[in-house]
Every structure is written in C-alpha cells, then in structure tokens.
Amino acid sequence: MRVPSPFSQPPIWREGRLGLEVASLLRDPVFHGEGVTDAGGQPVLLIPGFLAGDDSLGLMTRWLRRTGHHTRKAGIRSNIDCSQAAVTRLEERAEVMAECREQKVAIVGQSRGGNFAKVIAVRRPDLVSGIVTLGSPQLDPLAVHPLVALPVIAVGALGTLGAPGLFRHSCRNGRCCQRFWDDIHADFPSGVGYVSIYSRSDGIVDWHSCLDPAAEHVEIQASHCGMAVSAQAYRATAEALERYRRRELRRQRSDQRFRRAA
C-alpha cells in the first residue's frame with residue numbers, strides 16, 4: 001500500500017489559497033474581537049517565519065491590539081539570520097518587554113519563528129508565560145518541502161561565502177549554533193504554556209514535525225502561510241493567551257500572599 005507523502009499538498013504559491021484565506025478571516029467575527037476576552041494589555045512578542053518579516057504577521061498584530069494585547073514586533077525584515085544570533089536579540093526584546101510591562105511575555109511564532117519561541121522559553125522561563133507556534137517543525141526544523149529546502153541551501157551558501165546577516169551551512173553542525181540545537185531539543189519548562197497549531201494540508205512543513213510531545217496540539221485547516229490569517233488559528237491563539245494570562249494572575253496573587261505572610 002502506498003503511504004501518502006506529508007507533502008502531498010502543493011506549496012502555497014501553487015495553491016493560490018492565501019488570498020481566499022485572508023478574505024475568509026476578514027469576514028469572520030473573531031477578527032473583529034467577537035468572543036475574545038479583552039487581554040488587558042497582555043504583552044505578546046510576534047516572530048515571523050523563514051524568509052518572512054514582521055509584516056507577514058501584520059493582520060495578527062492588528063487583531064491582537066484590537067483585543068487588548070500589547071504587542072511588539074521581532075524587528076525582522078527577513079528571517080534568514082544565524083539562529084543563535086537571532087534568538088539572542090529576541091531574548092533581549094522579550095526581557096525589555098517583560099520589564100516594561102512588569103509581567104511575563106507570551107510569544108507567537110510562525111514556522112521558524114516558533115522554533116525561536118521555543119528556545120527562548122527553554123532559556124528564559126522567568127520571562128515567558130507561554131508560546132503559541134504556527135506550523136513550526138519543532139521535532140525536525142528541516143522537515144520542509146523540497147522546493148523550500150532550495151532557498152535554505154541558497155541562503156546558507158551565501159552566508160558561508162561571507163554575506164552579512166545570513167545563516168551559514170556551519171550553523172547546522174558548527175559551534176556557533178550548538179547551544180540553539182541543544183535548547184530546541186531540551187526539556188520544555190513545566191511552568192510555561194505551549195500550544196502547537198498545525199495543519200495536515202500545510203504543504204510546506206511536514207505536519208508530523210509539529211507534534212512536539214511537550215505541547216498541546218491544535219489541528220486546523222489552513223495552508224502554511226495561511227496560518228497567520230486563519231480564523232481557526234486566531235481562536236486557538238486567543239484561548240491559549242487567555243490561559244496564560246490566568247496562570248500569571250494566579251502566580252502574581254500567590255506571590256503577593258506570600259510577601260504579606262512574610
């Protein structure tokens with residue numbers, strides 16, 4: 001019996017689905033905040049995927065702000081930098097955000113951005129209340145469609161030749177990113193929330209690689225890029241962020257009681 005390929009769906013640029021997915025989102029009540037509890041300024045850091053920049057999460061950013069979240073962009077134009085260097089910068093952003101808001105930060109990451117979100121949570125559970133990942137291949141970050149692997153190889157070749165701001169082939173097995181690879185496979189901290197949103201019709205990432213045992217899995221119907229504009233993903237994200245808020249509120253109240261008792 002022939003086993004179906006995890007990449008049986010064609011990539012998004014061949015599907016032409018993204019425009020339809022955006023149109024569907026704009027008509028959905030969730031995009032206008034219906035049924036979403038006001039977040040009261042909950043801080044959320046958004047991290048885009050490979051080859052994408054902050055604008056790729058623009059609609060989600062607008063929606064989060066509309067529903068009472070305090071958002072911050074990753075400061076990424078195109079997510080092609082060395083993983084260790086990128087995560088170090090993002091960790092600093094999360095730290096500043098947590099200090100300014102005086103509470104832990106939730107992180108939403110798409111694809112490679114979700115890999116970064118996981119590593120930040122592993123390194124700094126003191127900063128992160130929880131993460132939501134959209135089509136992120138946590139079990140194998142290179143489990144992608146062959147046509148997507150080509151630009152990965154091309155970017156790595158340019159970086160290896162010395163082009164600034166690009167990852168190198170040595171980032172996979174060299175010392176520069178050894179800590180990153182160790183952390184992405186490390187045990188996830190028990191006190192941090194983790195929701196992995198995936199789609200069997202992803203078309204770019206092998207959805208099996210999104211099924212991190214440490215995460216709560218939420219299956220939706222969407223293309224890979226379309227997860228950033230999926231009403232189903234927005235509902236799942238809103239529910240996850242609300243749980244993270246409640247957990248942090250309980251923690252803060254517990255800390256206050258402990259300080260009063262002391």
Apply the a/c threshold of 1.5 to the C-alpha gyration tensor of segment 182-222 and tell me whether it is rounded, prolate or oblate.
oblate
Estimate the FRET efficiency between Arg243 and Arg66 by the formula 1/(1 + (r/R0)^6), using the beta-carbon distance for r and 25 Å for R0, to the nearest 0.05.
0.80
Restricting the count to DSSP beta bridges whose residues both fall in segment 12-261, what percent are antiparallel, rounded to a multiple of 5?
5
Length gained when the stretch Cys176-Asp28 is fully extended (0.36 nm per residue, less Cα-Cα span):
48.9 nm
Segment 12-261, relative contact order [Cα under 8 Å, separation at least 6], %:
22
Segment 12-261: translational diffusion in µm²/s, Stokes-Einstein, Kirkwood Rh over Cα pairs, 20 °C, 1.002 mPa s
117
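Every number in this text was worked out from the coordinates using simple rules, so none of it is lab data. Keep in mind the model is a prediction, meaning the values are calculated, not measured. Ideal geometry is used to build each Cβ from the backbone, glycine not excepted, and the neighbour counts take in all protein chains shown.
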